[in-house]
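Taken together, the values in this text are just the output of simple stated rules run on the coordinates, not laboratory data. Only a predicted model underlies this, so the values are computations on that prediction, with no experimental measurement involved. Every residue, glycine as well, gets a Cβ built from its backbone with ideal geometry; the counts of neighbours run over all protein chains shown.
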Amino acid sequence: MADIHVRCPKCKWEPDGKPHWACTCGTVWDTFSTAGRCPGCGKIWKDTQCVINAGGCTAWSPHLDWYDGLDEIIERLKEEIKEGWLQEVPART
Ligand SMILES: [Zn+2]
Ligand SMILES: [Zn+2]
């Protein structure tokens, strides 16, 4: 994962690993730790908003557009994420 960068496609802001994203269910988390899937309700956010409070902008961009790096690695990562999005949300225990 060393060659992958995550940054806003619009302003180049890089997520700092903090929980900046809030779901409609009330969960607040780091959307890049779950590839856009809310850990609370399982909703998939295919668009991700930049975080102006942390130095970014207010633009929404497709989640996959945030990933930048070597093309081959990025394409593989995007495929993995898309496959994950197709899977059913596991029942919570
Ligand atoms: Zn949620
Ligand atoms: Zn931005």
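Shown here for the stretch 49-93: trypsin sites (Lys or Arg not before Pro) in loop regions (DSSP other than H, G, I, E, B) with at most 13 other Cβ atoms within 10 Å, namely R92. Take the Cβ atoms of T58 and K82, set R0 to 35 Å, and the FRET efficiency comes out at 0.85. In plain terms, the chain from I73 to S33 could stretch by 12.6 nm, reckoned as 0.36 nm per residue minus the Cα-Cα distance. Report the calculated FRET efficiency for V89 and K12 (r = Cβ-Cβ distance, R0 = 22 Å), to the nearest 0.05. Efficiency for this residue pair is about 0.10. Of all aspartates and glutamates in the structure, those lying under 19 Å Cα to Cα from K82, and not within fewer than 8 positions of it along the same chain, are D30, D47, D65, D68, D71, E72.
Estimated purely from DSSP H runs of n ≥ 4, each contributing -39500 (n - 2.57), the mean residue ellipticity at 222 nm for the chain is -5500 deg cm²/dmol once divided by its residues. Comparing D71, D47, D30 in a Gaussian network model of the chain (Cα springs below 10 Å), the most mobile by mean-square fluctuation is D71. Across the chain, Cα-Cα pairs more than 24 Å apart make up 19 percent of the total.
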